Amino acid sequence: MLNARVSEPDDPTVQIRRSRLIAAGVAGFVGLIWLIHLVIFFTGWNPAFLGVRPGVTSGLVGILTAPLIHGSWGHLISNSPALLVLGIFVLFNTPRASRITLPIIWLGSGLGVWLFARESVHIGASGLTYGMLFYMLVSGILRRDRQSIALTLVVFFLYGGMIWGVFPLARGVSFEYHLFGAITGVLCAVVLRHRDPLPPVKRYDWEFEDDDSDDDLPRIN
C-alpha cells in the first residue's frame, strides 16, 4: 500500500509561475557552465586540478567542482540539453525530494568516482545527468501517478540511449561518473519516493453520476 500523500489542487497561475522560475534557474546553471568553459577557452587555463582524481587527497576538491568543468565543446554541448530538460523535469515533478536528491547525486557520484574509478582526471556534468535520468525513471515507476509516468516516458524517449553509458564501452569516457550518478539517482528515488505528494485525482461528472445511481440500488447484507 502506498503511503504517498495527495496534494491539494494548485492554482494554475501559481503552477505557471513556478515552472517559469524552475526553467530560469536551470537555464542559469547551464549558462554558468558555459561561462566557465568560455573563460577556460579564451584564457588557455588548465582546470585539470578541479577534476576528480581517484584516491588522491588533492583530488577530493573535484567532488565539488568537476561537474562545472568540461573537456571540450562537444562534451559541453552534449551535456547541456540533458541538464536543461532533466533538471526542469526533476524540480517540477518532485520539488521537495529534489532539494535532497540533486545535492546527493552531485556529491555521491563524485565520491564514488574518487573511491572506485580508474586513475585519471574525471570531469563533466555527466554524473549529474545520469543521476537525474535514473532518478526520474525509477521515481516514475514507484510513484505510479499519471504525471510521473508521462514524464518518465518522455525522458526515456529522449534519453533512453544514455543507459548504455554506465558500461565501459567507449575509450576516454568516464563511465564511472555515469555509473555512480545512476546508482545515487536510483537510491534517491527509492528512499524519497513518498516525500512529494501525489497529484490530486481528478473526477469527472459522469463518475459522480455513477455514484448517485449506486445509492438507489438495494444493499445486500
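Please treat every number below as a calculation from the coordinates, not as lab data. Since we're looking at a predicted model, the values are computed, not measured. Counting neighbours? That spans all protein chains shown, and the Cβs are built from the backbone with ideal geometry, glycine included.
The table below gives the values:
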quantity: Two-site FRET efficiency, H194 against A150, from Cβ-Cβ distance with R₀ of 22 Å, rounded to 0.05; calculated: 0.65
quantity: Sequence of H75, H37, H70 once ranked by neighbouring C-beta atoms within 10 Å, starting from the fewest; calculated: H75, H37, H70
quantity: C-alpha center-to-center spacing [the range 16-37, the range 88-127] in angstrom; calculated: 17 Å
quantity: Order of T184, T152 under a 10 Å beta carbon neighbour criterion, fewest first; calculated: T152, T184
quantity: Fully extended contour minus Cα-Cα distance, from S78 to A27, at 0.36 nm per residue; calculated: 16.8 nm
quantity: Relative contact order, percent, the range 12-198 [alpha-carbon distance under 8 Å, six or more residues apart]; calculated: 25 percent
quantity: FRET efficiency for W164 and T43, using Cβ-Cβ distance with R0 set to 35 Å, rounded to 0.05; calculated: 0.50
